[in-house]
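Accompanying notes for the structure given below.
The values are calculated or read from the model by the stated rules, or taken from the named source; none is laboratory data. In this text the structure is predicted, and so the values were computed from the model without any measurement. Reconstructed Cβ throughout: ideal geometry from the backbone, glycine too, with neighbour counts over all protein chains shown.
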Amino acid sequence: MPLVTTTEMFKKAYEGNYAVGAFNVNNMEIIQGITEAAKELNSPLVLQVSAGARRYAKHTYLVKLVEAAVEDTGLPIALHLDHGDSFELCKSCIDGGFTSVMIDGSHLSFEENIKLTKQVVDYAHDHGVVVEGELGRLAGVEDDIKVSEEESSYTRPEEVEEFVSKTGVDSLAIAIGTSHGAFKFKPGQKPNLRFDILERIGELLPGFPIVLHGASSVVPEFVDMINEYGGNIPGAIGIPEDMLREAAKMAVCKINIDSDLRLAMTASVRKYLFENPGHFDPRQYLAPAREAIKSMVAHKIKNVLGSNDKL
Ligand code: G3H
Ligand code: 13P
Ligand code: ZN
């Protein structure tokens with residue numbers, strides 16, 4: 001089976017009240033860990049590549065590794081550009097074999113966001129590729145994305161119909177209180193998502209797939225493990241898993257997870273090297289790191305996404 005677009009998988013997810021996991025990938029072990037978990041659980045997948053990941057591993061390596069995973073597992077997998085910030089970057093991924101791109105114009109004015117998104121949609125659709133747009137701004141810090149809490153803003157439901165009809169996007173990322181990275185809430189702050197906004201958008205765009213970014217739960221077990229084995233990330237807090245499960249039953253068809261994979265992998269490597277100070281063969285610590293990714297993804301598929309046995 002070749003790489004697929006998200007059209008069919010989102011339609012099934014919407015109708016089946018679950019969501020497809022979109023996991024960020026940077027290297028072979030991450031791709032293998034994710035796809036092995038999905039294979040065992042018969043789950044569809046989106047593997048996504050950020051601009052930073054593309055700089056780190058190079059476009060060709062990531063495309064070939066994801067193609068190898070498709071050949072190895074036979075799973076329906078969409079290869080997606082995460083947070084594309086220009087027409088040129090999206091075009092380069094479309095021309096280079098991706099089946100889905102995100103154009104993130106959420107920092108632009110409403111009109112400019114529509115203009116840029118439509119330009120990407122026109123090119124993508126001519127090439128059989130689907131497009132995710134974004135309205136509203138998530139807070140948080142990752143390689144290429146730095147948005148302070150003051151700069152962030154919830155999606156305005158009154159804008160979504162016009163945005164979707166004028167751009168022709170295939171899915172829409174919205175801001176309802178999730179944020180990027182491992183520090184989503186302040187210690188003592190009660191995690192809260194604006195389900196009222198999600199519900200209203202679901203009513204305004206019936207059947208239309210919604211995307212949730214910044215959806216790591218920052219699983220405490222791995223934060224504790226990192227802190228125990230020489231790391232120092234106090235106060236890392238994520239989105240409670242029951243809230244994400246709730247969103248997956250609503251209009252949310254794609255849930256983006258990166259930080260939880262980073263934490264699982266790093267915790268595993270730290271623990272391994274601490275316990276085996278004499279080891280220096282990368283395979284010795286990358287094999288358990290790959291296993292840690294696999295169990296994290298299996299946990300997400302079963303407990304957050306509900307995408308197991310949905311092929
Ligand atoms: O939302 C962004 C993703 O987690 C990718 O992060 O730009 O550090 O690769 P990155
Ligand atoms: P997290 O940082 O919560 O994993 O979010 C990842 C994301 O939204 C990628 O686009
Ligand atoms: Zn994101």
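Quick notes on this structure:
- In the stretch 207-247, of all residues being among the β-branched types (Val, Ile, Thr) and in contact (Cβ under 8 Å) with a residue 60 or more places away in the chain, the one that is farthest from ligand 3 (Cβ to nearest atom) corresponds to Val219.
- Scanning the stretch 156-206 for residues that are away from ligand 3 (no atom under 16 Å from the Cβ), touching a Ser or Thr at 6+ places or on another chain (Cβ under 6 Å) and in a loop (DSSP other than H, G, I, E, B) returns no hits.
Every residue, every condition in (1) surrounded by fewer than 22 Cβ atoms within 10 Å (Cβ to Cβ); (2) away from ligand 1 (no atom under 16 Å from the Cβ), yes or no:
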position: Glu161; (1), (2): yes, yes
position: Ala175; (1), (2): no, no
position: Thr178; (1), (2): no, no
position: Phe195; (1), (2): yes, yes
position: Phe208; (1), (2): yes, yes
position: Asp224; (1), (2): yes, yes
position: Leu244; (1), (2): no, no
position: Ala248; (1), (2): no, yes
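- Any hit, the stretch 121-130, residues being in contact with a helix residue (DSSP H, G or I) (Cβ under 6 Å, 6 or more places away or on another chain) and under 24 Å from Gly177 (Cβ atoms): no
- When Val147, Val164, Val129 are checked against the criterion of being aliphatic (A, V, I, L, M), out of contact with any Asp or Glu (no Cβ under 8 Å at 6 or more places or on another chain) and farther than 16 Å from Asp82 by Cβ, a single residue qualifies: Val164.
- The condition of being more than 16 Å from ligand 1 (Cβ to nearest atom) and not polar (S, T, N, Q) holds for only one of Gly105, Gly97, Gly140, Gly136, that being Gly97.
- Residue tally, condition in contact with a Lys or Arg (Cβ under 8 Å, 6 or more places away or on another chain), of a type in the set (D, E, K, R) and either within 15 Å of ligand 2 (Cβ to nearest atom) or closer than 21 Å to Val49 by Cβ (or both), over the stretch 104-163: 1
- Selection of helices (runs of 4 or more DSSP H) fully inside the stretch 22-90 by the criterion of at least 2 residues being buried (at least 17 other Cβ atoms within 10 Å of the Cβ) and β-branched (Val, Ile, Thr) returns 28-41, 59-73.
- Residue tally, condition modelled with pLDDT of 95 or more and surrounded by fewer than 21 Cβ atoms within 10 Å (Cβ to Cβ), over the stretch 180-193: 3
- When Ser148, Ser86 are checked against the criterion of being at pLDDT below 95 and over 24 Å from Val252 (Cα atoms), Ser148 stands alone in meeting it.
- Test: residue in the stretch 45-64 that is in contact (Cβ under 8 Å) with a residue 60 or more places away in the chain and either in contact with a Cys (Cβ under 7 Å, 6 or more places away or on another chain) or among the polar types (S, T, N, Q) (or both): yes
- The stretch 91-120, subset free of Cβ contacts under 8 Å to residues at least 60 places away in the same chain, polar (S, T, N, Q) and closer than 25 Å to Ile176 by Cβ, residue surrounded by the fewest Cβ atoms within 10 Å (Cβ to Cβ): Ser109
- Candidates are the residues of the stretch 219-237 that are under 17 Å from Gly181 (Cβ atoms) and touching a Phe, Trp or Tyr at 6+ places or on another chain (Cβ under 8 Å); the one that is modelled with the lowest pLDDT is Gly235.
- Close Cβ contacts (under 8 Å, 6 or more residues apart or on different chains) running from residues in the stretch 253-265 that are under 17 Å from Ser179 (Cβ atoms) to residues that are within 6 Å of ligand 2 (Cβ to nearest atom) and hydroxyl-bearing (Ser, Thr, Tyr) comprise Ile257/Ser216; Asp258/Ser216; Ser259/Ser216; Asp260/Ser216; Leu263/Ser216.
- Of all the residues in the stretch 95-128, those that are part of a loop (DSSP other than H, G, I, E, B) and either out of contact with any strand residue (DSSP E or B) (no Cβ under 6 Å at 6 or more places or on another chain) or farther than 23 Å from Thr60 by Cα (or both) number 9.
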